[in-house]
Structure formats: C-alpha cells, structure tokens
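The values are calculated or read from the model by the stated rules, or taken from the named source; none is laboratory data. Just so we're clear, the structure is a prediction, and the values are computed from it rather than from any experiment. In this analysis, Cβ positions are derived from the backbone assuming ideal geometry, glycine residues included, and neighbour counts consider all displayed protein chains.
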Protein chains: 2
Amino acid sequence: MLAGGVGGARFVRGLREAVRWWHPDAAIDVVVNTGDDWWLGGLRITPDLDSLLYTLAGQNDEQRGWGRVGESERVAAELQAYGVTPEWFTLGDLDLGTHIARTAWLRSGASLSEVVARLQQRWDLGGVRLHPATDDEVDTHVWVASDAGGEHDLHFQEWWTRYRAQLPALRFEQRGLAAARPSAGALAALEAADVVIIAPSNPVVSIGTIVSIPGMRDALRAVTAPIVGVSPIIAGAAVRGMADACLAAIGVATDAGAVARLYGPRSGVGLLDAWLVDEADAGVVDGLRADGIATDAVPLWMRDLDSAAALAEAALQAGLARRSAS
Amino acid sequence: MLAGGVGGARFVRGLREAVRWWHPDAAIDVVVNTGDDWWLGGLRITPDLDSLLYTLAGQNDEQRGWGRVGESERVAAELQAYGVTPEWFTLGDLDLGTHIARTAWLRSGASLSEVVARLQQRWDLGGVRLHPATDDEVDTHVWVASDAGGEHDLHFQEWWTRYRAQLPALRFEQRGLAAARPSAGALAALEAADVVIIAPSNPVVSIGTIVSIPGMRDALRAVTAPIVGVSPIIAGAAVRGMADACLAAIGVATDAGAVARLYGPRSGVGLLDAWLVDEADAGVVDGLRADGIATDAVPLWMRDLDSAAALAEAALQAGLARRSAS
C-alpha cells in the first residue's frame, strides 16, 4: 500500500482488519509518504509515519484525530518560551519522545528505514510493516503570492498547519527530490506484492510525493501485481484534510474522476489498473472504464473500523480480480 | 567566579544576594564547569550550567536539590521504552525543553557560549552572567577496575549517577581536553574581574576540569584581581556531593588544607591568594598561611540564603582586602 498520514492510517487499520479475517496468511507493507517531514527544534519530525505508527499501535488520539492519546504539552511550552519552536506548531510530550529517539538514531547514522523499523519494535502493529517511501530528506515547500507582489515560499507544515492551506498555493516544491531514491524496503515490498493499493490519501502532497521520487513511478509500473486506487474524494469534497487546496494548485478538479485521471491508467503511462469511487460518484464509472481504469462504486466513507475493513476488502478484491483475470 | 553545579549554584545565589546589598554596582560573571556535559539521546546535556541557570532563575527544585521545580517525566518514560536512554538517567520534561533548545542551537552552528546567552535571556538572573569554561566538548570519563581484571572506562555521568561514585576511580580522563580552549566570555570575565572567587565546588571534576583547560591556568595566574577560594570540605567531609571519591582518585586527602595545597599558592605555581575554611578547620589556618595562602576560618555551611550571602561576602572581603593590600 502507498499511504499518507491520518487518512492512510484509517484505511490501513481497515486493511489489517480485512486481512486478519479473510487473508490471515497475508502481510501488509505500507510505503509511507515522507514529504511532510521537517526539522523543527533540531528534531526530525515525520508526521505521516507517526500517524500510521500510533494508529496501528492503538496509541492514537481518536477524539482529536491526530497525535498520541493522553498527550500533554509541557515540553512544547518550554520550547516556545525559549523561542525554539513557533506557537502554531505544538509538539506533544509523548510525541516528542518519538522525535527525540528518531533524531538520535538518525544522528548516529541510521537510515530513516532503520529508524522506522526500530520504532515499530516497541509495539505490535499486527503484522503491518511501515517503510518510508525514501530514506532521503525531501521537504515540501509551498509557493504563495506575497502581499507586496511577487511570491515567496514556506514549508509545507507552515502552510498546512498555520494557514490551514488557506493561502492559495501557486505550486509545490519538493526540495531534495532530484537526489532522492525509493527506500530499499519500499522497492522490495512493491516487488513482492500480490496487490498494490493506493490509499485514499492526499493525491498531491502524499501520493503525489511518493510517486514523484525518482525511480518510484518506474518501480510501480513494473510491478506484476495489480494496482488499485481508492478515491480520496467523495462527491467533490476531500474525505478528510484539505486535498482540494492542493489539487487546485496543480489545476486538477476536486473530483473522484479527475484524481483517477491524474494517476492515469496503467495501460497508458499511468499507475491504475482499478479504482474505487463512492456510490455518490457512480457517474464517473463508465468514463473511467472507457479510459482503461476498471472502476467500481462502493461505500467509501470510513465511519468506523468495520466500514474501513469493508472498503479495504473491496480494494483487495478489485485487485485480486484483476490478478486472476491477467 | 569559577563554579561547578549545585554547590556552586548555592554559593552564587549567596554572592548575588551579597552583591545586591553591599556592592550594588558590581556584576557577577560565573565561569562554569562543562566537564560533566554529555550526549544522551542525541541531546547535549550540560548539568552544571543548568543547575546554575535554574537556581538563579528561581526555577530549581529546592526539595530534591536538583532539576526544575514541578518537574514530570513523561518523555523520559517514552525514551526508555524506545531504548534510547538508560533507566538510571531520567530527563525531566521541563529540563528536556532546555536540552532540545540547546541542541537545536548547537546543531545550527551556535557556540555553547551563545547558547548559554540565549537560554539566560528567558529569565532574570539578577545581573549574573553565566559563561561555559570552554565552548569545546570535553567529556569526562572515569577509569575503574574490571571484574575480570584490567580496567575500563565509563562516562562520568554513569559513574556519578548510576554508581553514585562508589566504583573506586583509578583516574579521570578528560576527552577532548588537549584541543579545548577557554571561552572568550570566560577569559574576558577573568580579565575584568575585581575579585576572582573559586566556589566550594568539586575540586577535581568541577574546578579541576575548568583549570585544566589549556590556557585557563595561565589566564588565572595572569589576572590582576586577587583569587579567593572557598573550601568545599568541612571537617573532612564534602559540603555536598561525592568529592571524597574524586579526591581519593587523585591521591588527595578529603581535607580543607589538602584542597588548598592542591590549588596551591599563587606566590608559587598555584592559583590561590586567599582561602576560606570552616571554623571547624581552624587548625589548618596557620600552616596554609605559612605556605603563602592568606587563610581565614569562617562559618562555611550554607544553611540558607542568608548564610550563603554572609559566606560570599566574607570571600569578597578577603579578596578586596588583598586588593587594597597589593
């Protein structure tokens, strides 16, 4: 599976449930977006990897929708008092433990993949293995118009968290991307996969960033397994997050069909063998099928674990059907 | 003033009080030991500088005798769960804020002196300025006998905190010492001083480490100000801490007179113009005077702020008396 943060985490939890019941021999490898990562207060923060880690470990804050359950912010208050971190980005105390551990291991020479493997050892993730899409640092910056004319950039986290993606994005810049390579774990997982699922994550800054890592698109197009995508858009609105602001920046409509065409059919130069849209978007099915993407309309909203598991099983079945067909 | 951690902090607080009442125009510069510093969990920890910072800022835990008041240990539990820090060294949450800030600034290229200056800006230290003795990393290791014969070393913090200085030390090794230089702030403070006071800190691993930084001893011997030391030993016992274990390792008796001779008279090749011992040690006064160290017996025990201030004023007066005499 390819996944971003919170939305991806919900879907993976459903997938784990589906696998547990119907495919108990199967393992789940998740290739996780690292384009939201950044340095803050001298610590390397990897929001998507952490969302997946905490959610799969049962340590996430269900109420708030992100971060650790039972979180506190004593250290963050200190960091803000020292002027080390901005007031618009708060690091929870428990979360900071993860950041400190990660940074210590990175500084001692471990790759991000090794760090992720070590962090996972603490908890039982139920057979799910997380892999950063790349071990190389790729930080996303967002270019916006300046008040005084011209334009300037800010880190994706500032645009996303401080400005809630409300500053119109002119374009995204992935710094370090040209020199980045897919992680060995990501490539091995893709090669061994029976089905590849693209989670209903942000198609621009999560899935888009994973796919734009040099070598990743070729690796995806080379997999023998079918590739099934799940739409992050239902009836013209993002399932969660602010994907619309990201899609607007690259001139793509916030529409389940438009995102499928952004990914493109594998029979062309794209990635998708199959695509799942919500029943509310059944109108796009025929057009996408005509474009070579085997599309089905299913209940796409993940209200709870059961609905997430049912959606994941639908994605798996869409893939397995393509597999036996080929 | 030259000072180590907790004992030094108490004395400086007394000195600040004495200066406030009797020498309101005077400023206090403290040259602080950095030999206890270490890297833990990817963070640079500077125990003595922090003890002084917290105590002078009124943020120290009086009850416990070290660390921040109102401290908690949520992050430390995370770090131990990840296996990043050992169970015998707990980093408080509030304290971690300081370590993260320090490390972030150091990693961004600031010197330790600049870091200390920034940390001090957060609080009103009542006119006291802290300077690390050196900006270079000098980590103290302790050599001890191995069970299987031979010997091995451990970081000073492990010897001190985990083993409570109970493993007999064969010798101390200051790694990085040969390449270290006194900080510019320390040298400037010494040069401008009217009186230099050596606090009643550990004479081996605090004062001893400061003085052994290449160039520091020469700088001290070159100051025009008188140098007054305050004994860290009263009646054969350390005022606080485990100085006896450190003195034993270098073959010096735990005795107010022996420590004075370790520092030595400035008229010889040593550092001291004057020396204060406790009234319980009045017996050493004459011998030290004969050796060229102007020694007085005064109440040395810092029970509270008033007694610390009285002791500091006695040290100041001993220095000022030498100054007008010269």
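Quick rundown of the values:
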| read-out | value |
| --- | --- |
| Test for B:Val19: is it surrounded by fewer than 23 Cβ atoms within 10 Å (Cβ to Cβ), more than 14 Å from chain A (Cβ to nearest Cβ), more than 21 Å from B:Arg162 (Cβ to Cβ) and in contact (Cβ under 8 Å) with a residue 12 or more places away in the chain | yes |
| Residue match in region A:29-44 (condition: within 22 Å of A:Asp304 (Cα to Cα) and basic (Lys, Arg)) | no |
| Filtered residue count, region B:39-60, keeping only those that are farther than 26 Å from B:Phe156 by Cα and more than 14 Å from chain A (Cβ to nearest Cβ) | 1 |
| Among (1) surrounded by fewer than 24 Cβ atoms within 10 Å (Cβ to Cβ); (2) farther than 17 Å from B:Arg240 by Cβ, the one test that B:Arg13 misses | (2) |
| Search result, residues across region B:191-206 that are surrounded by fewer than 23 Cβ atoms within 10 Å (Cβ to Cβ), of a type in the set (A, V, I, L, M) and farther than 16 Å from B:Ala315 by Cβ | B:Ala192 |
| Residue that is modelled with pLDDT under 95, touching a strand residue (DSSP E or B) at 6+ places or on another chain (Cβ under 9 Å) and more than 8 Å from chain A (Cβ to nearest Cβ), where the choices are B:Asp36, B:Asp95 | B:Asp36 |
| Number of positions in region B:117-141 that are closer than 23 Å to B:Val205 by Cβ, under 18 Å from the mean Cα position of the chain (by Cα) and among the aliphatic types (A, V, I, L, M) | 4 |
| Subset of region B:1-12 [within 15 Å of B:Ala186 (Cβ to Cβ) and in a loop (DSSP other than H, G, I, E, B)] | B:Met1, B:Gly4 |
| Hits in region A:35-72 (condition: assigned to a loop (DSSP other than H, G, I, E, B), without any contact (Cβ under 8 Å) to a residue 40 or more places away in the chain and closer than 14 Å to A:His99 by Cβ) | A:Gly67, A:Glu71 |
| Of residues in region A:119-148 being among the small types (Gly, Ala, Ser) and assigned to a loop (DSSP other than H, G, I, E, B), the one nearest to A:Ala57 (Cα to Cα) | A:Gly126 |
| Some residue of region A:198-213 being over 15 Å from the mean Cα position of the chain (by Cα) and farther than 17 Å from A:Leu52 by Cβ | no |
| Any hit, region B:13-26, residues being of a type outside the set (Lys, Arg), farther than 25 Å from B:Leu276 by Cβ and assigned to a loop (DSSP other than H, G, I, E, B) | no |
| Test result for B:Arg68, more than 8 Å from chain A (Cβ to nearest Cβ), surrounded by fewer than 24 Cβ atoms within 10 Å (Cβ to Cβ), basic (Lys, Arg) and farther than 23 Å from B:Ile207 by Cα | yes |
| Number of the exception - B:Pro168 against (1) surrounded by fewer than 22 Cβ atoms within 10 Å (Cβ to Cβ); (2) within 20 Å of the chain's Cα centre (by Cα); (3) in contact (Cβ under 8 Å) with a residue 40 or more places away in the chain; (4) more than 21 Å from B:Asp48 (Cα to Cα) | (2) |
| Of residues in region A:268-295 being under 22 Å from the mean Cα position of the chain (by Cα) and assigned to a strand (DSSP E or B), the one surrounded by the fewest Cβ atoms within 10 Å (Cβ to Cβ) | A:Asp278 |
| Number of the condition not met by B:Val116 [criteria: (1) touching a residue at least 24 places away in the same chain (Cβ under 8 Å); (2) out of contact with any helix residue (DSSP H, G or I) (no Cβ under 8 Å at 6 or more places or on another chain); (3) not in a loop (DSSP other than H, G, I, E, B)] | (2) |
| Residue, farthest from the other protein chains (Cβ to nearest Cβ), within region B:76-92, restricted to residues that are aliphatic (A, V, I, L, M), crowded, with 19+ Cβ neighbours inside 10 Å and in a helix (DSSP H, G or I) | B:Ala76 |
| Residue match in region A:311-321 (condition: part of a strand (DSSP E or B) and either surrounded by 15 or more Cβ atoms within 10 Å (Cβ to Cβ) or of a type in the set (Asp, Glu) (or both)) | no |
| Qualifying residues in region B:103-121 (those that are within 9 Å of another protein chain (Cβ to nearest Cβ) and within 15 Å of A:Gly41 (Cα to Cα)) - the one surrounded by the fewest Cβ atoms within 10 Å (Cβ to Cβ) | B:Ser108 |
